Structure formats: structure tokens, C-alpha cells
Amino acid sequence: MLRRALAAAALLAAALGADAAGHVVRLSYETKANPPRYLGEGTTIDPQRPGLTIELLRLVEPRVGVRFEFVRVPWARSMYLLETNQVDGVFHGSWVAERERFAAYPMKDGRPDASRSIFTQSYYLYARKGTRLAWNGERLATEGPIGTTRGYSVAKRLRTLGANVEEENDLPSSLRKVLAGRLEAYAELENMAAAEIARHPEEMRDLVKLQPALRTEPYYLLLSKGFVAREPALAERIWSAIGEALRSAEYRELERKYGSAT
Amino acid sequence: MAARPEPALDGAQQHVFASRHAVVDRLFLRAFGVYIVFAVVLTLVLVAEVFFSAKDQVRQELAGHEQVFRRALARALWDMDVTQLDALARGAIDVPVIELVRIHDPTSNRVFVELRKPTAPAAASGDAWVAHRFPIRFEHAGGSTVVGEAEFAASGAAVLPRIQRSIALLVALALIKALAMWLIFRWFARRLVRDPLAQLTQAAVAVAPGAARPIDMQPATRRAVEGTEFEALRDAFNALIERIESNRRRFAQLSGQLEEEVATRTRELQAANERLGALAATDPLTLLANRRGFESFAAIVMAQAARSADPVALVSFDVDHFKSVNDAHGHDAGDRVLQALADSLRHASRAADVAARLGGDEFALMLPRTTAEEAAEVAERVRAAFATRPVMLASGREIRATVSAGLALSGDGSAALATLLGQADEALYEAKNAGRDQLRSGPKQLRLA
């Protein structure tokens, strides 16, 4: 109630051309850890070490005059919430043509503007040692199914490569399925898989990361169509501010804080 | 007159009694009509109760299935795992009671899955459905998030099969109850009301005056209504019959007595009349015919004499010096003298002769079919007997009296009585003049010395 009143007051202030500070933008991200972009599993957010992207967005807040609120839900749910305008934005998402239906990307000359992406990351295939799967960067030869996180755009790429794709909800159990042979391989963002494997080094020691990367993409803050329609200028300012913040001294501080490995 | 029984009610009258509607049937129909309405209403209420409780039961079962599916649905929705969601929905729709599964997001109005059993009605969920809706809440470390809403529904039609047996039982019970009530009521109503009434009515109809017996019911019926108004009715009716009978008997008795009385009185009256007639023709002192009697008899005798042309003689008597006897010895003595003369007349005359006291000391004797000589002989016998007969007075004294007599004769019976009397008186006058105590004949053709 109070928040809604505040939001209304902020909207009023924005309409009057004043500083948009206090304008609340609701963002969601995954419940999986993607170190160092976001840390910790589940819906909780550690205020001390939430993750590099969250802290990056904190740098954006004063630049644009908004306040971000974060919720963590599974990726597919994030997409759903974005589609139904129940959140204003989701990070991080690579550009996929189909997503343009319900998500807005920072654009330049009709193409996604990579300069205003948050970061670039790669998908790799993780398989058991001795797998018969063959991947040379161009062609994929596999008999068994390949898993990936539900809603990830890489699923489409895998299908294009002719794979039988199974969308999964849970990374640890998916990796165990690979170890157990129920999945031939699992396509996962490098950071996420590495973090999970690092957490269970003994159990996961038979997993291998297949080179080359399945895909390397710039990842963006996706904003909802509803939000962009409502606040087109603000949306642009947020995306632009991300690019600015990435180049700032504060961000380099943060990179040091999070060890900025990988 | 003996009390002759009157006939009982005739057939037409009896029919009128018999064709009356039995009060018990009317009572029965009305009471039962009301009961049927009541029973129908009660049964409907019970059926409604069964229906609604079955509906509640269905709702509770649906709610029970929420517990089964809640967490899995929350997980699937949380992950937006459409495959899983679909599998869960299919699992739910396989539950017998669930006919509609609908999972949607009330915030965005997006329907994730909606499944119907093929048997379910096509209509949208509404009043005809028993629906259980519940929020799908995903529990996580940060609290819980409502990720959607689910609806498990059963069509109202699905409620019916499970209450069919209950309703059939209810209706059957209501029917059995009604039938039992009918039979029980009918049995008792007939036994306690119709039979006693019918029997009393029949007995009352059969009551015939004069042959009236107390009415009663059959022993079984009598026992059944012992101590009820029917007994009172019967007793009152019998008391009434008793009173009517007693009055009727008293009436018959009284009319018999009255008839007897009338007959007695009539007989007495006849006797009195006869006595009265005799009295009119008799002289009470001498018990001879008086003048009126004499004239009647004389008329008959004269008429017969005239018809047969027989001679008729008439003798007049008169006591000599009767006034002197009266004066000397009193009227009683006079009366005794007259009675003595009457005795003499009675004894001396013949059976066919008629003696009479015509008045005072004047007597007459008519002698039918008698010649002058025969008449004179009789008259002489009378005179002689009287003259020699002492008359005992009350004082004990004896006196003697004489009588003078005058004889007249109608030789062929053609003379009139008055003429004959006049001639006899003339002869008597002559006898008086000749010295009394003697007989003279008149008219001149017959002379006695």
C-alpha cells in the first residue's frame, strides 16, 4: 500500500519533469547462482554479496533516478512474468528473435546494441568422460538427449543442431542425470556449471566441458513491453546507464570485490 | 289387542343408510391427504439435504485433492514447467471426482491448462458445478509466492449418481411409510370406527317396534371399542329403545284396559236399559204389570185374538173399602192388602193370563182364548182366594179384605181394549152396587148370579 502510494507519488514527480528518484522498477533474475553475476541459490538475496550484476544495477539507480527491486524466480518464470508485465525487467537474456514478442532489448540500427549489454557469457556442453557425443563447433552428433535450463534460448540452438532437448528445472539434478547417463550432455552457462561443479568436486569429477563453446552471446537487461511502452525514455536511459556504469571506476571496484574470475 | 310388531325399515330406507359415506373414509382421506403433502415436503427437504451434503462431500473431496497436487503444482508453476504442469493436470483429471482442471494466473488472466473429462458438460464452470478453487502458493526461503490459481471442479450431474441410491432409499422409505401408515390407519380406523358404526347402524336399522331387542356389536368389535363413545351411544340408544318399548307396552296395556272397561260399561248399560224397560212396564209394589205394561201386553193379546177370532175376556178388580183400610191401618197396611190381592191374582190366574195393577186399588186380568164361563171361574177363584186369605200387618194383626170384580168378554176378539175395559168397569160398578165381594158380568149378554 505504502509502496504503491510511493510509486504513485514518484510517477507524479516524473510526470512533472522532476527527478525520477524513487521510481521503482521491478527486476527478476534466476534462482540459480551464476557467479559472479549473481550469487546464492533460491529466492534469497544476500545484501552483502548479491552478485556483480546486482551491484552494477545499484550503480545505475542514481544515474537514472530509479530504484530497482529484485526478485528471484526460475528463468522460465522470469520470462512469463516479463511477458505478462508482472516484472519490468529480467536479466540476463541473450537476444532471441522470438523474445522480441514480449521483451525489449537495447537496440541500435535495428540490431541489439551489444555496447549496452551487461556482459558476455558462453554456453558449453557438459558431458560424462568418454561420451560418444561429438561437437566441433559446427555440428553436433549425439544419440542421447541433451538437457538445458527451461526457457533458455540455447534450447532452440540445440534443436537447430538436431539434438533431442530436455528442458530441466534444476541444475544439480540435471548434472547428476548426465553422470547417470540419462542425459547425454547438459548445455549450461559456463559460470553456472563451473560453480556447481566446484561445489561438488568429487561427485562431479567425471564431468567434462566440451570445447568449443556452444554459443557465446552478449547478455542484456530485458525490459517488458509494457514498461517500455509506459516509460520509453526511462528504458533507454537505464540501458545507456548500464553501459556507462560498466566503464566506471566503481564497477572496477566491484570486479575486484567479486574476484572477477572467468 | 295384542301388540303386533311393526315392520323394520324397508329396503329403500336401509339403502339410504348403507350408501352414506363412511366417516372413517372421509377422515382417512383428509388425514392421509395432509400426510402425503407433509411427507412429500419432508422428503423433498431430505432429498435437498442429501443433495447438498453430497455436494459438500464432493467439495471436500476436491479440497482433499488440493493437498495432493498443491505442492507439485506450485513447483511446476514456479518453474513454468509446462510439461510437468500438463502431466499434473492430466493426473488430476484422472481422479474420478474431478471433471474439470483449470490452472491459471489470476494476475495475468492467463490459463496455463484447462482439462475436462469427456463426460463433463460443455458449459463453463458455474452454478452447475461444484468447484474448489485454491491459490497455488510456492514456498521458498524468502517466503511464499502465489504463482497461480487452480480449480478442481465436478459437474453437478456427477453428484447425482452418488446420491441416487440415497434418494431412491428416501423415496422408497417415504412410500413404505405412507403405505404402512395407510394400512395401519385403515386397520384401526375400520376396527375402531367403521365396524362399530356400521354394526350399530345395521342393528338400529333392524330394530322393529314390538320386537325390539337391545342393539349391540359383534364381540370382537365390542371388545375393541370398550369404554369408548360407541358403548355410550349403544347404551343411550338401548335406553331410548327401552323407553319407547316400555311406553308402547304401557299404551297397549292401557288400550286393553280401556276396551275392557268400555265393554263392561256397555254391558251394564244394556242391563240397565233392560231393567229400565221392565221398570217402565211393572208396578213396583205388586210386581204385576202396570197400566202401561198391561196396555202393551193387552194390545198384543187383542191383536192375536182379533187375527184368530178367539174370544178374549177381561176382568176388573177393585178392593172393597180400600180407603177405609188405609185410614184404619195406614198406608203400609193398604200396600200389604194390594200385595195380597196381587198374590191371589198370580196364583189363581193361568199361565197365559195377564194380571196388572192399573192404579190405586184397581187391578185387571186379561184372559186370552177364554170363554165367559172360564173367565168367570178364574175371577171367582181370585175373589174367593183373596176373601179367605188373611193379610198380616206389620203390627202382627191379621185383617181380611174383599174384592169386587167386573167381567167383560169379546167373543170374537174384535172389541177394542178401551171398550172391553169400560164394559168390565161397568160390571164392576154393578158388583159394588150389589154389595161388594162379588163378580158381575157385562154387558147384558152374560150375567152371573
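None of the figures in this text is laboratory data; all of them are computed from the coordinates on show. Computed from a predicted model, the values in this text were never measured in an experiment. Using ideal geometry, Cβ is built from the backbone for each residue, glycine included, and neighbour counts are taken over all protein chains shown.
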Using eta = 0.890 mPa s and T = 25 °C, Stokes-Einstein with Kirkwood Rh from Cα pairs puts D for segment B:1-209, in µm² s⁻¹, at 107 µm²/s
Can you run phi through the Karplus equation (6.51, -1.76, 1.60; θ = phi - 60°) for segment A:103-112 and list ³J(HN,Hα) in whole Hz, with x for Gly and Pro?
10, 10, 10, x, 10, 8, 6, x, 10, x
As an exercise, identify the trypsin sites (Lys or Arg not before Pro) in segment B:330-403 lying in DSSP coil whose Cβ has no more than 15 other Cβ atoms within 10 Å.
B:Arg350, B:Arg369, B:Arg397, B:Arg400
Looking only at segment A:119-217, where both bridge partners belong to it, what percent of the DSSP beta bridges are antiparallel (to the nearest 5)?
65 percent
Quick one: which residues, 5+ away or cross-chain, put their amide H under 5 Å from the amide H of B:Thr282? H built at 1.01 Å from N.
B:Asn290
In segment A:143-186, the trypsin sites (Lys or Arg not before Pro) that fall in loop regions by DSSP, at most 15 other Cβ within 10 Å
A:Arg182
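Rank these for me by crowding, B:Val403, B:Val68, B:Val34, B:Val225, going from fewest to most other beta carbons within 10 Å.
If I rank by nearby Cβ atoms, fewest first, I get B:Val34, B:Val68, B:Val225, B:Val403.
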Starting from 0.36 nm per residue, how many nanometres of slack lie between B:Arg70 and B:Val41 once their C-alpha separation is accounted for?
6.2 nm
Can you return the aspartates and glutamates within cross-link range of B:Lys117? Criterion is Cα-Cα under 16 Å, with same-chain partners fewer than 8 residues away left out.
B:Asp86, B:Asp94, B:Glu99, B:Glu151
What distance in nm lies between label points placed 7 Å from Cα along the C-beta direction at A:Arg252 and B:Ala387?
22.9 nm
Can you sort B:Leu287, B:Leu73, A:Leu161 from fewest to most other Cβ atoms within 10 Å of each residue's own Cβ?
B:Leu287, A:Leu161, B:Leu73
Between B:Ala232 and B:Ala31, how many nm apart are label points set 7 Å from Cα along the C-beta direction?
1.9 nm
Nothing charged except the Cβ atoms of Lys and Arg (+1) and of Asp and Glu (-1): what's the magnitude of the dipole of the protein assembly as shown about its Cα centre? Round to the nearest 20 debye.
3140 debye
Computed, not fitted: 222 nm per-residue ellipticity of chain B from DSSP H runs ≥ 4 (each -39500 (n - 2.57)), nearest 500, equal to -20000 deg cm²/dmol
Among B:Ala172, B:Pro161, B:Val147 - extreme Cα towards positive end, dipole of segment B:127-205, charges at beta-carbon
B:Ala172
Whole-Hz Karplus couplings 3J(HN,Hα) for segment A:191-203, θ = phi - 60° and coefficients 6.51, -1.76, 1.60, Gly and Pro as x, run 4, 5, 4, 4, 4, 5, 5, 5, 6, 10, x, 5, 4
For segment A:119-217, with +1 on Lys and Arg beta carbons and -1 on Asp and Glu, the positive-most of A:Gly144, A:Val178, A:Ser122 along the dipole
A:Gly144
Debye, to nearest 20: dipole size of chain A, +1 on Lys, Arg Cβ, -1 on Asp, Glu Cβ:
100 debye
Footprinting proxy, A:Met204, B:Met392, B:Met181: sorted fewest to most Cβ within 10 Å, the residues are B:Met392, B:Met181, A:Met204
When Cβ neighbours within 10 Å are restricted to other protein chains, what is their mean count per residue of peptide B:74-81?
6
Taking N as the number of residues in segment A:53-151, what is its Cα Rg relative to 2.2 N^0.38 Å?
1.38
For chain B, with only Lys/Arg (+1) and Asp/Glu (-1) charged at the beta-carbon, what is the dipole magnitude about the Cα centre, in debye rounded to 20?
1400 debye
If the cut-off is 29 Å between C-alpha atoms, which lysines fall inside it for B:Lys323, apart from same-chain ones fewer than 8 positions away?
B:Lys432
Could you go through segment A:224-231 in sequence order and give the Karplus-derived ³J(HN,Hα) for each residue, using 6.51 cos²θ - 1.76 cosθ + 1.60 with θ = phi - 60°, rounded to whole Hz, and x for Gly and Pro?
6, 4, x, 5, 5, 5, 6, 10
Where GluC sites (Glu not before Pro) in DSSP loops with at most 15 other Cβ within 10 Å are excluded, longest remaining stretch of chain A
A:1-137
Filtering chain B for DSSP H helices with an axial alpha carbon extent of at least 30 Å and a Kyte-Doolittle mean of at least -0.5 returns B:23-79, B:156-189
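Excluding B:Leu169 itself, calculate the net charge of residues whose Cβ lies under 14 Å from the Cβ of B:Leu169, where each Lys or Arg counts +1 and each Asp or Glu counts -1.
Combined, the nearby Lys, Arg, Asp and Glu give +2.
Please tell me which of these pairs span more than 27 angstrom C-alpha to C-alpha: A:Lys32/A:Lys108; A:Lys32/A:Lys209; A:Lys156/A:Lys209; A:Lys177/A:Lys257?
Pairs exceeding the cut-off: A:Lys32/A:Lys108; A:Lys177/A:Lys257.
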